[in-house]
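Shown next, in structure tokens, is the structure this report addresses.
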Amino acid sequence: MAVKIKLMRMGKIRAPYYRIVVADARAKRDGRFIEAIGKYHPTEEPSLIEVDSERAQYWLGVGAQPTEPVAAILSKTGDWQKFKGLPYEEGTLKTAAPRVDKKAVFNEAARATGGDAGGAATTPKAKKAKDEAPQATDSEVAGGGAAVGGSDAPGEAVDQPAEA
């Protein structure tokens, strides 16, 4: 069985991303695959390339043939040079800057202004609603919520006949 390392397209119409998969050469582009060994997001800046180097080396070693785009990706990560025994430099692949943790930024800003950053952030509206929650008294709970002795509300007297 001929095995290829190829790209499997995923994502939306104008927002593609790819999985790097090992599949039978006769399988469809997005069809069955044997193993997923990486991912490639070309729309990000810089492009996200993640390859499981150990698995890529294994599949190249047992005879899997990479397609042209995958060969280019493997040469960028250094896996192709490692397989062929060519010299390559580690860490030449551009990576995106790490994302900033929003909660840490908030806590630092709160500390800088002198506020308490230890608790959860609450809005004044939520805090007010919590403080003004109605508390049921014991007499309302025992009497079913209605006051003893009747009610003056209209429409409550059901037992009286209507006058014609």
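Things to note:
- 17 Å Cα cut-off, lysine pairs counted over the range 1-80 (separation 8 or more, or different chains): 7
- Candidates 74, 13, 47 compared by Cα position along the dipole of the range 1-111: farthest toward the positive end lies 13, with charges placed on Cβ.
- For a modelled paramagnetic label at residue 34, 7 Å from Cα along Cα-to-Cβ, the residues of the range 47-64 in reach, with backbone nitrogen under 17 Å, are 52-64.
- With every protein chain in place and a 1.4 angstrom probe, the accessible-area ranking of 125, 6, 82, 76, largest first, reads 125, 76, 82, 6.
- For the pair residue 107 and residue 65 in one chain, pulling the backbone fully straight at 0.36 nm per residue adds 10.0 nm over the alpha carbon distance.
The values are calculated or read from the model by the stated rules, or taken from the named source; none is laboratory data. Quantities reported herein were computed from a predicted structural model and do not represent experimental measurements. Methodologically, a virtual Cβ is constructed for each residue, glycine included, from the backbone with ideal geometry; neighbour enumeration extends over all protein chains shown. We work out accessible area using only protein heavy atoms, side chains counted, and drop any ligands, DNA or RNA first. Shrake-Rupley method; radii C 1.70, N 1.55, O 1.52, S 1.80 Å.
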